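*Asks:* Structure below; questions to follow.
The values are calculated or read from the model by the stated rules, or taken from the named source; none is laboratory data. If you're wondering where the values come from, they're calculated on a predicted model, not measured in any experiment. Positions of Cβ are generated from backbone atoms using ideal geometry, with glycine treated the same way; all protein chains shown enter the neighbour counts. Side chains included, ligands, DNA and RNA excluded: accessible areas come from the protein's heavy atoms. Shrake-Rupley method; radii C 1.70, N 1.55, O 1.52, S 1.80 Å.
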Amino acid sequence: LCRIQYHFGEFGNYSLVVKTLSTSNKSVSCDLVINEGPINSYLPILYAFLVYMGILAVLVVGRLFMKIDPVRNWVYKKLNGRETDHVTNSEPGSPNTDSASSDPTPRLLSAASRQRLRSLDTFRGLSLIIMVFVNYGGGKYWFFKHEGWNGKLHFLSALFARFVFIMGTSISLSMRSMLRRGGSKWQVLRKILWRSFLLILLGIIVMNPNYCLGPLSWDNLRIPGVLQRLGFTYLVVAALQLLFTRAGAESGTLEMPCPALKDILPYWPQWIFILMFEVIWLCLTFLLPVPGCPRGYLGPGGIGDFGKYPNCTGGAAGYIDRVLLGEKHIYQHPSSNVVYQTTMPYDPEGILGTINSIFMAFLGLQAGKIILFYKDQHNQIMSRFLIWSIVMGIISAILTKCSKEEGFIPINKNLWSISYVTTMSCFAFFLLLLIYYLVDVKRLWSGAPFFYPGMNSILVYIGHKVFENYFPFKWKMQNSQSHAEHLIQNLTATTLWVIISYVLYRRRIFWKI
């Protein structure tokens with residue numbers, strides 16, 4: 001009858017009035033009437049930003065004042081009374097230097113803290129805190145919700161992927177540390193197996209979302225999950241690194257035919273394994289016959305593709321999970337069922353996607369190798385991060401043809417497609433470059449407050465899931481449709497975990513698996 005374009009506002013009430021102007025030529029007019037004006041849903045975000053900027057300004061000014069000797073002495077006098085002389089004779093936060101009464105342990109801890117790259121913990125903590133905020137609801141804004149299916153890239157898409165990436169980076173650094181301390185490869189392997197087992201066990205027993213259905217039983221136990229994928233990914237990537245670690249490679253004593261590739265060539269067997277994994281993923285995704293579905297189908301099923309393939313959600317990835325794990329043991333409410341009205345269960349942390357999470361962690365492992373091979377050569381490290389970011393971006397552009405739906409392999413977080421991994425690793429390398437430059441090279445930023453949850457990532461992640469429905473992390477709201485109330489609640493809960501992680505850091509309490 002007519003076409004009309006209009007930007008509708010949230011909570012607005014509208015009427016469309018259609019009138020016949022002339023019956024002879026069938027002319028029609030369409031008018032939009034605003035019955036109730038919309039609200040500006042983004043004002044709560046602005047207010048929250050101003051509040052946090054105000055808190056940051058107060059902390060920065062306070063820190064500047066604390067550098068003034070009279071002010072610092074007065075504060076310490078008020079806080080510590082008779083211990084003023086003892087405290088003010090040393091730097092704030094430094095261990096006691098008195099040789100008669102000092103404990104060597106704080107000195108060792110302080111030295112270890114200085115040697116540790118703060119940028120890695122800051123990177124991990126930043127990804128974790130945004131993940132916590134989003135898991136708590138993200139103020140119920142549409143752009144903080146998970147994708148229905150293909151495309152729709154934003155920073156939320158990269159949260160779990162960045163976590164996997166930085167886990168790979170940590171593997172490279174921690175494994176070298178363990179081997180340098182004299183641990184044998186068998187001892188390190190036992191530790192890898194034990195840590196993987198604990199992560200998988202915690203994911204299945206503690207973090208299982210099917211508790212909402214009642215007491216957990218084998219009938220409805222969800223087998224895949226975030227921690228399960230982290231555990232299995234860690235197992236494969238750490239075992240690859242342990243198996244093909246060569247003495248002298250990271251110290252630069254091995255002779256290389258091409259010095260510019262000295263962080264890659266010694267580990268060529270690892271790349272062979274990773275390429276084999278990707279070939280397996282491609283073959284299963286595009287060649288595996290799935291009953292009732294076209295070969296190589298990557299769509300959401302349901303009413304997607306005009307409802308032609310309603311039971312094909314996820315194609316081969318969904319089919320493999322349903323056959324090997326069973327429909328009741330995978331995620332029952334995927335994000336695709338909201339938009340595409342799918343009826344089939346589908347698990348975004350399923351078996352096939354784990355292959356590409358291994359690739360993501362391996363790229364993070366490569367970032368760790370760069371840090372080790374070019375230790376203290378900041379320009380070399382940053383230039384290689386940039387090169388890897390560009391290379392991954394070019395591969396993504398080729399795979400997707402720079403489009404949402406028309407590429408060879410669309411970017412899809414639910415499937416963990418290869419294009420999703422290359423795109424997220426492109427962002428991860430660049431973000432790590434930026435944080436490394438600010439935190440460890442120029443020291444313009446200490447990494448706070450994200451550094452603290454990054455030091456206790458497992459505790460914060462498990463804690464925020466276990467206590468998400470308990471006060472003070474959640475309470476009954478007056479208006480469940482209000483963005484402002486949801487945003488206040490979600491930001492309060494997230495801030496509490498930052499404070500908890502800071503207190504644990506100050507008390508030297510770290511939960512490591």
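*Asks:* Can you list the HN-Hα couplings for the range 267-278, worked out from phi with the Karplus curve (6.51, -1.76, 1.60; θ = phi - 60°), rounded to whole Hz and with x for Gly and Pro?
*Replies:* So the Karplus estimates, Gly and Pro as x, are 10, 4, x, 4, 5, 4, 4, 5, 5, 5, 4, 5 Hz.
*Asks:* Using alpha-carbon pairs under 8 Å, 6+ residues apart, how would you state the relative contact order of the range 312-353 in percent? Kindly include the intermediate steps, with their values, before the conclusion.
*Replies:* Details: 44 pairs, mean separation 20.0, N = 42.
Taking the mean separation of contacting Cα pairs over the length of the range 312-353, I get 48 percent.
*Asks:* From the cross-link list 140/328; 413/474; 262/375; 191/369, which pairs have alpha carbons spaced over 19 Å apart?
*Replies:* Values: 140/328 29 Å; 413/474 28 Å; 262/375 13 Å; 191/369 21 Å.
The answer is 140/328; 413/474; 191/369.
*Asks:* Can I ask one more? Using a 1.4 angstrom probe and counting only protein chains, how large is the accessible area of residue 146 in Å², to 10?
*Replies:* Here the accessible area works out near 90 Å².
*Asks:* Between [x] 1.69; [y] 1.17; [z] 1.02, which entry matches Rg/Rh (Cα atoms, Kirkwood Rh) as derived from the coordinates of this structure?
*Replies:* [z]
*Asks:* Continuing with this model, one more query. From the phi angles alone, apply the Karplus equation (6.51, -1.76, 1.60; θ = phi - 60°) to the range 411-423 and give each ³J(HN,Hα) in whole Hz, x where the residue is Gly or Pro.
*Replies:* Taking θ as phi minus 60°, the curve returns 6, 8, 6, 4, 8, 6, 5, 4, 5, 5, 5, 5, 5 Hz for the range 411-423.
*Asks:* With every protein chain kept in the model, how would you rank 6, 437, 346 by accessible area, 1.4 Å probe, largest at the top?
*Replies:* Working: 6 105, 437 80, 346 5 Å².
So, going from the largest accessible area down, we get 6, 437, 346.
*Asks:* Just grab the label-to-label distance for residue 288 and residue 333, each label 7 Å out from Cα along the Cβ direction, in nm (one decimal).
*Replies:* Taking the two extended label points, one gets 2.7 nm.
*Asks:* Quick check for you: which residues of the range 448-481 have the amide N under 17 Å from the point 7 Å beyond the Cα of residue 174 toward its beta carbon?
*Replies:* Residues 452-463 qualify, since their backbone N sits under 17 Å from the label point.
*Asks:* Mind giving me the FRET efficiency for residue 67 and residue 492? R0 is 22 Å, r the Cβ-Cβ distance, nearest 0.05 is fine. Intermediate values should be presented prior to the final figure.
*Replies:* Numbers: r = 31 Å, r/R0 = 1.42.
Calculated value: 0.10.
*Asks:* Work out the charge dipole of the chain with +1 on the Cβ of Lys and Arg and -1 on the Cβ of Asp and Glu about the Cα centre, then indicate which of 421, 51, 489 is farthest towards its positive end.
*Replies:* Going by the charge dipole, the pick is 51.
*Asks:* While we're here: Could you tell me whether the range 415-465 comes out rounded, prolate or oblate from its Cα gyration tensor? Rule is a ≥ b ≥ c as square roots of the eigenvalues, rounded for a/c under 1.5, then prolate if a/b exceeds b/c, otherwise oblate.
*Replies:* Numbers: a/c = 4.38, a/b = 1.13, b/c = 3.89.
Oblate shape, in that a/c is at least 1.5 and b/c is the bigger or equal ratio.
*Asks:* Now for a different question. What is the percent carbon and sulfur in the accessible area of the chain, measuring with a 1.4 Å probe over the protein chains and ignoring ligands?
*Replies:* Numbers: 17610 of 27860 Å².
It is 63 percent, rounded to a whole number.
*Asks:* Tell me what the chain gives for mean residue ellipticity at 222 nm when only DSSP H runs of n ≥ 4 count, each as -39,500 (n - 2.57), the sum divided by the residue total, rounded to 500 deg cm²/dmol.
*Replies:* Values: 17 runs with 269 residues, N = 513.
Per the formula, -17500 deg cm²/dmol.
*Asks:* Here's a follow-up. Given DSSP loops and a limit of at most 10 other Cβ atoms within 10 Å, what is the longest stretch of the chain that contains no such GluC sites (Glu not before Pro)?
*Replies:* Details: sites that count: 255, 406.
For GluC sites (Glu not before Pro) (loop position, at most 10 other Cβ atoms within 10 Å), the longest site-free span of the chain is 1-254.
*Asks:* Let me ask you something else. Stretch residue 4-residue 57 to full length: gain in nm at 0.36 nm per residue minus the Cα-Cα span? Each step should come with its number before you reach the end.
*Replies:* Values: separation 53, 0.36 × 53 = 19.08 nm, distance 4.69 nm.
Length gained, residue 4 through residue 57: 14.4 nm.
*Asks:* Using a cut-off of 13 Å between beta-carbons, work out the net charge of the residues near residue 482 (Lys and Arg +1, Asp and Glu -1, residue 482 not included).
*Replies:* Within the 13 Å Cβ shell, the charges total 0.
*Asks:* Can you tell me the accessible area per residue over the chain, all protein chains present, probe 1.4 angstrom, in square angstrom? Could the numbers behind the result be given before it?
*Replies:* Values: 27860 Å² over 513 residues.
Ligands and nucleic acids excluded, the figure is 54 Å² per residue.
*Asks:* Moving on to the next point. Using Cα pairs under 8 angstrom and six or more residues apart, how large is the relative contact order of the chain, in percent? Kindly include the intermediate steps, with their values, before the conclusion.
*Replies:* Working: 681 pairs, mean separation 98.1, N = 513.
That works out to 19 percent.
*Asks:* Then there is this: Between residue 448 and residue 23, what is the FRET efficiency for a Förster distance of 56 Å, r being their Cβ-Cβ separation, to the nearest 0.05?
*Replies:* Numbers: r = 72 Å, r/R0 = 1.28.
So, using R0 = 56 Å, E works out to roughly 0.20.
*Asks:* Which whole-Hz ³J(HN,Hα) couplings does the range 4-13 yield from phi under the Karplus relation 6.51 cos²θ - 1.76 cosθ + 1.60, θ = phi - 60°, glycine and proline marked x?
*Replies:* So the J values, rounded to whole Hz, are 8, 10, 7, 9, 7, x, 5, 6, x, 10.
*Asks:* Related question: Can you tell which of 513, 431, 284 lies farthest toward the positive end of the dipole of the chain, using +1 and -1 charges on the Cβ of basic and acidic side chains (Lys, Arg; Asp, Glu)?
*Replies:* Result: 513.
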